[in-house]
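Colleague: This is the structure I have questions about; it appears just below.
Since every read-out is calculated from the coordinates, none of them should be taken as a lab result. Predicted model, so just to flag it, every value in this text is computed and none were measured.
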Amino acid sequence: MTAGQADELNHEFIERTPMKRGGTPNEIAAAAVFLGSNESSFVTGVELPVDGGYLAL
């Protein structure tokens, strides 16, 4: 894959995402920290998509 192709795929992904942007490293890390904390003690057997609503479409 060339850099141009990667840029095009990234642009297409963002356009199809309801939030119209990519996630920041801090947003991704916050989900990981939540899952590793006591705050998630009642969360079992589920996925936590951190995708700006992409899978909701």
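Colleague: Between G22, G36, G45, find the one with the highest GNM mean-square fluctuation for the chain; connect C-alpha pairs within less than 10 Å.
Modeller: G45
Colleague: Pairing the Cα long axis of helix 25-35 with the longest principal axis of the chain, what angle in degrees results, from 0 to 90 and rounded to the nearest 10?
Modeller: Around 30 degrees separate the two axes.
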